[in-house]
Structure formats: C-alpha cells, structure tokens
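Right, one structure below, let's go through it.
The values are calculated or read from the model by the stated rules, or taken from the named source; none is laboratory data. Just so we're clear, the structure is a prediction, and the values are computed from it rather than from any experiment. Neighbour counts are summed over all protein chains in view; Cβ atoms, including those assigned to glycine, are modelled from backbone coordinates with ideal geometry.
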Amino acid sequence: MAWFDNTGKENDVVLSSRVRLARNIKDYPFAPMLDETGAREIIEKTKHALDDYTVIDMTEISPIERQSYVEKHIISPAFAASGTPHVLLLNEDRTNAVMVCEEDHLRIQSIHSGLALKEAFASACEIDDRIDSSVSYAYSDKIGYLTHCPTNLGTGMRASVMMFLPALTQTRMLNNYASQLEKLGLTLRGMYGEGSQASAYIYQISNSITMGITEEETISKLESVVNQLIASERKTREKLSLNDHDRLCDKLMRSSGILRSAYMISSKEFLKLFADLKLGVHLGIIPDVDESILGELLVGAMPATLMLEAECTDIDDTERDKLRASYIKGKLSPV
Amino acid sequence: MLCTECKKNTATVFYQQNINGKTTELCLCQECAESHGFLTGSSLFNELFKMPGISGAGVKSSRKICSLCGSDENNFIKDGKVSCPVCYESFADELYSPIKRIHGNVSHIGRAPAKLKKQNDKKLKLDELKKQLNDAVQKEEYENAAIIRDKIRDLENNAEEN
Ligand SMILES: [Zn+2]
Ligand SMILES: [Zn+2]
C-alpha cells in the first residue's frame, strides 16, 4: 500500500520513509541535454528492465493528474513540469517508483509508511539491481554514480524521513537540533509551506552528503537521529499535555470541531487544523478518529488530489474550498 | 560546513578573493553570499569557476572539448549542473575542488554496478594471489607456488569467458 494508505512504525511522529537513488545511463548526456531520440531510448531500456511496472507517460496526463502525483510525493515538482519526453514507472502497490528522464535519467525511489528506512533502501536496491543487469550505468570508481548535479555524486542516494514535530516546534527545541543536524551532514526542511517555515509541523530530514560514506552508514546515521527526535518529541508532547491539559484539549478539540463542521476550508487552514487533529488523535484527546485515516486525509485534501478524486477538475477556489470541507467531513464522520 | 560569515547556515558558496596578491577564502551561505553581491543571477558553480587559476576569461589557448556532448570548459557546467557523464572525465581537473568542497572528500565508497564490482573483486583476488606466488617462490616452496600459479591461471581464464 502507498505510504499514506496505511500506518507504519512510530506513526505518531513519522509519516513516511523514503530512499531515492539517482542513476544515469552511460553514453547519454544528462536528461536536460538529451534529445528526443535519446530520451525515448532510455525510456525503452528502463521499461524493458522493469516490465511488470505500470508505465505512465507524463506528457499524456493532465496537469492536475501530474500535480496529484506530486502531492502524493511520488514525483518531484520538477518532473511534473518537464516538457521533454518523460515517464513514470510505478509498481502495483505504489511504494516503488522510477522517474525516467527527470534531471537524471533515472530517479529510483521507494516510500514506505512510518519509520522503515531499511525496508525502503532494500526495495530501492532491488530496483537498482534489476536495471543494472540490463543497462550500463554512468559510474566512476573514484566519484561513484555520475549525476547531473554534483551534490548527488557518490552513492546518488537521498534517504529521507517525513516527521510530524509539533511539540519540538512549539517549544523551539527544534532550532537547537537543526544546527546539530548540519554538523552530522543531515538537512531538515519544512515539507509544506514556503521556505523553511513548516506548516502542519511536518518536516523532512535527509542526508546532504553522498560521497565517502556508504549507503548503510548514511541510513543508520539518519535512523539514529530520527530515533532521538522521536523520543524527544514524545517526551515534549507529554510535558506540554501535563502542563496545561485543559487548554490543550480545548485547542485540539476546537480544531477537530472546525474540521467536522466548516462549510469552506482552504488548504492552508486545513494544514493548520490537521496538525491539531493528528496531535489530538495520538494523545488520545480525540478518540473517535482512527489514526489509520490520517495519511489519506492529508493527501486527499490537497488541491489536485481532491479535485481528481471528486472528478471535478474545473472549479474555482471557492468551490474547491467547499469540496474540501465536505471531503473532510465525510472522512471524519463515523460510518 | 558552516557559513564563515553568520556561522549559522550551511555554506553553499565558496569564493576565493585575491586582493593585492593576498588570497582569502570565503565559505558562505546563500544569504550571506547574496548580501556580499557574490550571487548576482549566477550559480554556485558559475561563481566557482571564476576562481583565479581555474578558468580565466577565455584566455586559455588549449581548448578541452568533451567527447560525448561537445561542451568546452566554458560551458560544461550550467546553473551548477554538469552536462554529461563524460564531462566528469573531460573536466576532472576543473571539477576536483568543487566536488571536494561539496562533499568534503572525493572518494566514493558504497554500491557499484555489478559488472564493475565483479571485475574489482577479481582484480583484488588476483593481486593477492600474485603476492602469495612471489612469497612462495622466494621461500623456494615450489610445490605451493605451482598450486597458486594454477589458481591465477584459472581466475584469468575465467575473466576471458565472461
Ligand atoms: Zn551566512
Ligand atoms: Zn560532456
């Protein structure tokens, strides 16, 4: 199942774990410099290597469908916007994807629900091995997998964990962590919202160095930092809830009330309220919402996915905000 | 690496200043670099290649050209990104120090394509056997040497088959 369709380990703090490998095929310039013939050849080679994957030609689907894949974190915004031939290969349960002709010829990725970096890495390696056995990768003994951007040289691997950190954000403890993370070669950034300002308290933490360190080392380093953050976030949530339990209950239950009864909700407002709902569910303050629907709700309320699922893609902002409110209401009301 | 100016953000821009023969090195974050006017519409790498001694303003007499994509040393990198895999070979000298600055080192460890891995493993094994053979011969252990020599032969024949 896709990461948002189920709940994985440590799902009160970790939404998903992702491993991405950047790969390029020998004797072709990188994707932005590639001519159409070259792009088609690379697409054919990859389709052949992964013949059991579904092929989605990105130039043949609508911008809203492309955007929905972005909202599900299956493709990058750059991939959605590319004008040259590019396809997405997707496995049946949508945990594994290969973007063909992104800025690198291949972006192999595996996303799992909850904390599951090792599982995601194993899946990504399996795809990598299958492609490796039928093409020749651009690789140098010295600097590793050759990539369009030199920041990906070496392993070409970006491992990342999407985390929900409301307590560490509100107590500003996250600021202290951020500088420590940098020294460890890790990067923390907001997942939703502009720049470093995270909305819904959702962050992505990933490795920034890809050379001189093995994939396994990178993953275990990331995992140990994530585990520290999980422990710290939980402890801080407990403290916050002990300090002023009534006020916290009131705040979270009010947000839950708005989500269930509003007539219009913008995506910005939704993200704010969603964070309160999620926190309330995990703290046991909002007991009538099953935690397994939270991932689906988060993705389902995003603009493109929302409109696509409702099969009304040609509506204005007001109609969309009304649609969102009724979608959320449906998700949160007991069946 | 932290920005040497604000000591808060990660340094992403590296710049060598040469004023009156005195060279100072700056490692700046995006913000500080912009406030110093180092990033006026160009990227990290375009800036990097203005470093003295790496690429002058087209005054070089011998032109290098990449055999795959045809780029030369003035345009193989655009917006911090390299044109093709072969450019990494063609312009290895130019790329060495930027790569080192990004990653802190220039030696990959980790996964490798299966074919190359097999070749490397074989090469390491051969080197080891050849060393053993030398030792055996020096110690006049000729019987042992013969066994090692056969092993080497087997391994080398094996390589030709594949
Ligand atoms: Zn700075
Ligand atoms: Zn080239």
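Only a single criterion out of (1) away from every other protein chain (no Cβ under 12 Å); (2) part of a strand (DSSP E or B); (3) surrounded by fewer than 21 Cβ atoms within 10 Å (Cβ to Cβ) is not satisfied by A:ARG189, namely (1). Among the residues of the stretch B:1-11, are any crowded, with 18+ Cβ neighbours inside 10 Å, within 16 Å of ligand 1 (Cβ to nearest atom), modelled with pLDDT under 70 and not in a helix (DSSP H, G or I)? No, there is no match, as no residue in the stretch B:1-11 is crowded, with 18+ Cβ neighbours inside 10 Å, within 16 Å of ligand 1 (Cβ to nearest atom), modelled with pLDDT under 70 and not in a helix (DSSP H, G or I).
State whether one or more residues within the stretch A:116-139 are among the β-branched types (Val, Ile, Thr), within 14 Å of chain B (Cβ to nearest Cβ) and out of contact with any Leu (no Cβ under 8 Å at 6 or more places or on another chain). Yes, because at least one residue in the stretch A:116-139 is among the β-branched types (Val, Ile, Thr), within 14 Å of chain B (Cβ to nearest Cβ) and out of contact with any Leu (no Cβ under 8 Å at 6 or more places or on another chain). Scanning the stretch A:142-178 for residues that are modelled with pLDDT under 95, assigned to a loop (DSSP other than H, G, I, E, B) and more than 7 Å from chain B (Cβ to nearest Cβ) yields A:THR171, A:ARG172.
Evaluation of B:LEU116 against the conditions (1) surrounded by 21 or more Cβ atoms within 10 Å (Cβ to Cβ); (2) at the interface with chain A (Cβ under 7 Å from one of its Cβ atoms); (3) not β-branched (Val, Ile, Thr) shows that the sole unmet condition is (1).
Conditions tested, residue by residue: (1) more than 20 Å from the chain's Cα centre (by Cα); (2) among the β-branched types (Val, Ile, Thr); (3) more than 14 Å from chain B (Cβ to nearest Cβ).
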{"site": "A:TYR203", "(1), (2), (3)": "no, no, yes"}
{"site": "A:THR218", "(1), (2), (3)": "no, yes, no"}
{"site": "A:GLU223", "(1), (2), (3)": "no, no, yes"}
{"site": "A:ARG234", "(1), (2), (3)": "yes, no, yes"}
{"site": "A:GLU238", "(1), (2), (3)": "yes, no, yes"}
{"site": "A:SER261", "(1), (2), (3)": "yes, no, yes"}
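If the condition is being in contact with a strand residue (DSSP E or B) (Cβ under 8 Å, 6 or more places away or on another chain), facing another protein chain (nearest Cβ under 9 Å) and of a type outside the set (A, V, I, L, M, F, W, C), then the stretch B:81-97 contributes B:SER83, B:TYR88, B:GLU89.
Just so you know, in the stretch B:98-113 the residues that are touching a residue at least 12 places away in the same chain (Cβ under 8 Å) and in a helix (DSSP H, G or I) include one that is nearest to the other protein chains (Cβ to nearest Cβ), and it is B:PRO98. Among the residues of the stretch A:68-97, those that are of a type outside the set (Val, Ile, Thr) and in contact with a helix residue (DSSP H, G or I) (Cβ under 6 Å, 6 or more places away or on another chain) comprise A:SER68, A:GLU71, A:LYS72, A:PRO77, A:ALA80, A:PRO85, A:ASN96.
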